[in-house]
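The values are calculated or read from the model by the stated rules, or taken from the named source; none is laboratory data. Since the structure is predicted, the reported quantities are computational estimates derived from the model, not experimental observations. Here Cβ is always computed from backbone atoms with ideal geometry, including for glycine, and neighbour counts include all displayed protein chains. Heavy atoms of the whole protein, side chains included, go into the accessibility calculation; ligands, DNA and RNA do not. Shrake-Rupley method; radii C 1.70, N 1.55, O 1.52, S 1.80 Å.
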Amino acid sequence: MTTPRQRNRARLLGAGSLVAATIAVALAVPAQAAGSTLQAAAAGSGRYFGTAIAGSRLNDSTYSGIANREFNMITAENEMKADATEPNQNQFNFSAGDQILNWAQSNGKRVRGHALAWYSQQPGWMQNMSGSALRSAMLNHVTQVATHYKGKIYAWDVVNEAFADGSSGARRDSNLQRTGNDWIEAAFKAARAADPNAKLCYNDYNTDNWNDAKTQAVYNMVKDFKSRGVPIDCVGFQAHFNSQSPVPSNYHTTLGNFAALGVDVQITELDIEGSGTNQANQFQGVVQACLAVARCTGITVWGVRDSDSWRASGTPLLFDNYGNKKAAYTSVLNALNAGGTTTSPDPTSTSPNPTSTSTPTPTPTTTTTPPSGNPSCTATYSEGEKWSDRFNGTVTIRANTNISSWTSYVTVNYPQRIIATWNGSPTWPSSNVMIMKPNGNGALSAGQTVSFGFTVMHGGNWTWPGVTCTAS
Ligand code: 9MR
């Protein structure tokens, strides 16, 4: 089932496709040869492309062959979690985690550590603990595991899924939360002390839409941590999507706003249920959102083939059950090769990245001019397709009375510039203002609408253009 937003998106794509194709030809002079694998394509803009690995599958040569060819960042899907690494209190077992680490290292890949402190997948002894005993046990776990892997982990998910779903914006209730609200910062401090060179991430799901209470709650925690000097270097967005939880159109805003706090952002567990073009488009949207944000340092998918997924029936990955590349693979590869904001040249650096150029501005859903006098019209802006370097917008003109013609003014925000238009006749009084008049007769009767569209090169500024109209 498609939502009205998805249908609009499809229409916009259709309207703009010719223009987009023309632009693609003009802009597709690659700075370097296109990558033929996901890791090579991502490396073109300084990013990594990773996958979760299940150690038990590594002796399946189709699986390990694809994993080795396509990915350069590895997450242990389950093997570094607390139930695996500390099955009995203070008796650590790193064999399964080490197997994955060794496979990654011997194939020249880096490793994301997942996850040190989490309400789920706790060993039985930990599930039964509470209070200060649990707090101490948790900190000991963080310290021992981070120490064992010291110097070998690019980034740790120090704390996983600590916020509640829904509209409360509250912490998730758990035995860890009940040890005191400061359990998260205590875990980060312990991790920093144990492995000062690993990036330390907070990781969660349903934090993709900027307007969601959970997103805002995590944002406020990270902002607070940064202001108080609690060690945090990155935020992981799990990105498990399906039709109930689709990729939000404001994803780049979310990623950019977090990055503006002075942390890296990473897509850490990407999978999108679905198939065919729809699935491919959604994957493309996630890649483009990451590429639009300088401090989005990489993307990890949560498994190799559909059949390897924790939700295999949703066919949410980039390779089918037989290891064939799906349409989603091609769209991800192409989006990566189209490039984006270049991320830090040294992705292992923990210093703030001064090259960040993304300063997304939360925007209203429409920009309108109230009707004044007769004849009158209203102009409404709506977002269209987004790419790493440009976006499409549509302006809908609504006649409030019968009108014989209309004129619309579109003002873009520096360094934005309009590079293409359709369904209207533009003139350019200055570099940031476009005056759009109808093609032919602009007569509309009261209540009728007509739309025109344009493409903006955004130069890192995602602020919506201002739109107004006058009628005669
Ligand atoms: O993919 C993991 C699956 O094999 C496990 O059974 C499951 C147990 O909780 O965890 C899955 O991975 C989760 C990840 O660790 C945290 N985010 C959600 C992932 C999917 O459930």
**Item:** Rounded D (µm²/s) - region 91-204, Kirkwood Rh over Cα pairs, Stokes-Einstein at 4 °C, 1.567 mPa s
**Value:** 88 µm²/s
**Request:** Could you tell me which of 449, 85, 146 has its Cα farthest along the dipole of the chain towards the positive end, charges placed at Cβ (Lys, Arg +1; Asp, Glu -1), taken about the Cα centre?
**Result:** 449
**Prompt:** Any idea which of 46, 75, 61 is furthest toward the positive side of the dipole for region 32-84, if Lys and Arg beta-carbons carry +1 and Asp and Glu beta-carbons -1?
**Reply:** 46
**Prompt:** For the Cα atoms of the chain, what angle does the longest principal axis make with the long axis of helix 95-106, in degrees from 0 to 90, nearest 10?
**Reply:** 60 degrees
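With charges set only on the Cβ (+1 for Lys and Arg, -1 for Asp and Glu), what does the dipole of region 277-338 come to about its Cα centre, in debye to the nearest 20?
On the way: 5 positive and 3 negative charges, 20 e Å.
The dipole of region 277-338 has a size of about 100 debye.
Go ahead and run the numbers for FRET between residue 132 and residue 58, Cβ-Cβ distance against an R0 of 41 Å, rounding to 0.05. Write out the running numbers ahead of the final one.
Values: r = 40 Å, r/R0 = 0.97.
Efficiency for this residue pair is about 0.55.
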**Request:** For the chain, find the longest principal axis of its Cα atoms and tell me its angle to the long axis of helix 213-228, 0 to 90°, nearest 10.
**Result:** 70 degrees
**Message:** What lysines does residue 189 reach when the alpha-carbon gap must be under 24 Å and sequence neighbours fewer than 8 apart in one chain are set aside?
**Reply:** 81, 150, 152, 199, 214, 223, 226
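Going by a ≥ b ≥ c, the root eigenvalues of the Cα gyration tensor, does the chain fall in the rounded group (a/c under 1.5), the prolate group (a/b larger than b/c) or the oblate group? Provide the component values of the computation, followed by the final result.
Numbers: a/c = 2.33, a/b = 1.84, b/c = 1.27.
Prolate, because a/c is 1.5 or more and a/b exceeds b/c.
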**Request:** Quick one: plug the Kirkwood hydrodynamic radius of region 177-312 (C-alpha pairs) into Stokes-Einstein at 37 °C, 0.692 mPa s, and report D in µm²/s.
**Result:** 209 µm²/s
**Asked** Accessible area per residue of region 57-138 at 1.4 Å probe, in Å²?
**Response** 40 Å²
**Message:** In whole percent, and with a 1.4 Å probe on the protein chains, what portion of the accessible area of the chain is carbon and sulfur?
**Reply:** 51 percent
**Asked** In degrees from 0 to 90, rounded to the nearest 10, what is the angle of the helix 131-148 Cα long axis to the longest principal axis of the chain?
**Response** 90 degrees
**Message:** Ignoring everything except DSSP H segments at least 4 long, calculate the 222 nm mean residue ellipticity for the chain; use -39,500 (n - 2.57) per segment, divide by total residues, nearest 500.
**Reply:** -9500 deg cm²/dmol
